[in-house]
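Read-outs throughout are calculated quantities, based only on the coordinates presented, and are distinct from any laboratory measurement. Everything numeric here is computed off the predicted structure, so don't read it as measured data. A quick note on method: Cβ atoms are made from the backbone with ideal geometry, for glycine too, and the neighbour counts reach across all protein chains shown.
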Amino acid sequence: MGHGGQEFRLGLQTLLRLRREHPVLARGRQWNLASDESSLVFLRDSEEEKILVAFNNSTTARSLTVPVKDTPAEKTPGLTVLLGEARGVTGNGEIKLTMPPQSLSIFLLD
């Protein structure tokens, strides 16, 4: 298997591990928070935890302001990165994300 295949396998193993460690990713209620031609942001929530997933398929970095008023993420004080290199800040009923190009990031909502 070439370097690209090994990298894919390691990435897949990481995603499967996160799914095992955070069952909300498989069974939680899904809230689609934002999408456009190159990005998708959604929340999965359960009684135990809340997870935010952010995709950026653009070839450039993206900054998004995602409204979360009237969602389970509305009063989230902070975000912990579980996967990826995106950064996020919460406040005033929104989450501000800065995402690298062609990236997937997963956050645990504190």
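Pairing residues of region 58-72 that are farther than 11 Å from Ser39 by Cβ with residues that are of a type in the set (Asp, Glu) and part of a loop (DSSP other than H, G, I, E, B), at Cβ distances under 6 Å and at least 6 apart in sequence or on separate chains, gives Val68/Glu74. Filtering Ser35, Ser46, Ser58 for residues that are within 20 Å of Gly93 (Cα to Cα) and surrounded by 15 or more Cβ atoms within 10 Å (Cβ to Cβ) leaves a single hit, Ser46. Scanning region 90-101 for residues that are loosely packed, with under 13 Cβ neighbours inside 10 Å and either in contact with a strand residue (DSSP E or B) (Cβ under 8 Å, 6 or more places away or on another chain) or in contact (Cβ under 8 Å) with a residue 60 or more places away in the chain (or both) turns up just one, Pro101.
Does Leu40 satisfy the condition of being touching a strand residue (DSSP E or B) at 6+ places or on another chain (Cβ under 7 Å), without any contact (Cβ under 8 Å) to a residue 24 or more places away in the chain, more than 16 Å from Leu108 (Cα to Cα) and surrounded by 14 or more Cβ atoms within 10 Å (Cβ to Cβ)?
Numbers: touching a strand residue (DSSP E or B) at 6+ places or on another chain (Cβ under 7 Å): yes; without any contact (Cβ under 8 Å) to a residue 24 or more places away in the chain: yes; more than 16 Å from Leu108 (Cα to Cα): yes; surrounded by 14 or more Cβ atoms within 10 Å (Cβ to Cβ): yes.
Yes: the conditions hold for Leu40.
Can Glu48 be described as in a loop (DSSP other than H, G, I, E, B) and over 13 Å from the mean Cα position of the chain (by Cα)? It is true that Glu48 is in a loop (DSSP other than H, G, I, E, B) and over 13 Å from the mean Cα position of the chain (by Cα).
The residue that is surrounded by the fewest Cβ atoms within 10 Å (Cβ to Cβ), counting only those in region 76-89 that are in a strand (DSSP E or B) and either on the phi > 0 side of the Ramachandran plot or among the β-branched types (Val, Ile, Thr) (or both), is Thr80.
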